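The values are calculated or read from the model by the stated rules, or taken from the named source; none is laboratory data. Keep in mind the model is a prediction, meaning the values are calculated, not measured. Cβ placement follows ideal geometry from the backbone for every residue including glycine, while neighbour counts extend to all protein chains displayed.
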Amino acid sequence: MKLQHTCIAGTGLRLRLASAALLLVLAGGALSPALAQTWLINPPAELGRECAYGDCQNGFGILEVRTELGTNRYEGTFRDGEFHGHGRYEIMVSRSEQAYYDGDWVMGVREGRGTYWNGVSSLYVGQWRDDLRHGHGAYFFGVQNWTPNKHSEQWLQNNVENYTGEFVDDLYQGYGTYRWPDGERYEGEFYANEKHGNGTFFYSTGTRREQYWQYGRFIR
């Protein structure tokens, strides 16, 4: 089985997209060769920006940023021209797909609690620090046509592949639960995106298996 770790997009007035992916087989104690992959995605060229409403320097406003893919839009509070406080930033990731981050900002960087939708199929809800997922959060994969009014976080946990637990600098680290749509799940300790420590695998048949791992390697 594949433990997914896909990319996160977007900062405020600067865009940084980077992530790591790790391929794991969780059931039965078998582990495929680890595949760590970092994706660096260059944002499209900016063509211009305009404060469409309010105060985009120190206050509440709406900022529109034109790019080669379309118009990005931030609605929220500013400090010294940076996204600061609470706001929603909608980002064109293709000519037809739009990602967004809705949450807390500190001087153009995601900091606090926020929701990120990648515009295609991945959703993160949780804590951020210095533009990275950090603290407690939930990361959902393979989400189709997601809207907050249509799919609750509880519904997503029960119906799509997801990780819920602790993050450290964008990595699964601490205690967490990884679930698959067929009902199987792994609960236990993670370190740097790998199972590390004690955990339990729950099979769809209703059986369970206690496990112990060291840096992604099954011990017993």
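Quick notes on this structure:
- Scanning the stretch 110-124 for residues that are surrounded by 20 or more Cβ atoms within 10 Å (Cβ to Cβ) and either within 22 Å of Q154 (Cα to Cα) or among the aliphatic types (A, V, I, L, M) (or both) gives G114, Y116, W117, N118, S122, L123, Y124.
- Test: residue in the stretch 143-156 that is more than 20 Å from E184 (Cα to Cα) and modelled with pLDDT of 90 or more: no
- Residues being touching an Asp or Glu at 6+ places or on another chain (Cβ under 9 Å) and touching a residue at least 60 places away in the same chain (Cβ under 8 Å) - total across the stretch 197-211: 2
- Counting the residues of the stretch 167-194 that are under 21 Å from V143 (Cα atoms), among the hydrophobic types (A, V, I, L, M, F, W, C) and assigned to a loop (DSSP other than H, G, I, E, B) gives 1.
- Test result for T205, of a type outside the set (G, A, S) and either closer than 18 Å to G135 by Cβ or in a loop (DSSP other than H, G, I, E, B) (or both): yes
- R185 being touching a Phe, Trp or Tyr at 6+ places or on another chain (Cβ under 7 Å), surrounded by fewer than 16 Cβ atoms within 10 Å (Cβ to Cβ) and not hydrophobic (A, V, I, L, M, F, W, C): no
- When each of R209, R220 is tested for being surrounded by fewer than 17 Cβ atoms within 10 Å (Cβ to Cβ), over 24 Å from S121 (Cα atoms) and at pLDDT below 90, the lone residue that passes is R220.
- Those strands (runs of 3 or more DSSP E) of the stretch 16-126 in which at least 1 residues are at pLDDT 95 or above and within 16 Å of the chain's Cα centre (by Cα), considering only elements entirely within it, cover 82-92, 98-106, 109-117.
- A single entry from N72, N159 fulfils the requirement of being among the polar types (S, T, N, Q), under 30 Å from Y186 (Cα atoms) and out of contact with any Gly (no Cβ under 8 Å at 6 or more places or on another chain): N159.
- Odd one out for K195 among (1) buried (at least 20 other Cβ atoms within 10 Å of the Cβ); (2) of a type in the set (D, E, K, R); (3) within 17 Å of the chain's Cα centre (by Cα): (3)
- Qualifying positions in the stretch 170-191 - more than 18 Å from Y124 (Cβ to Cβ) and among the small types (G, A, S): G183, G188
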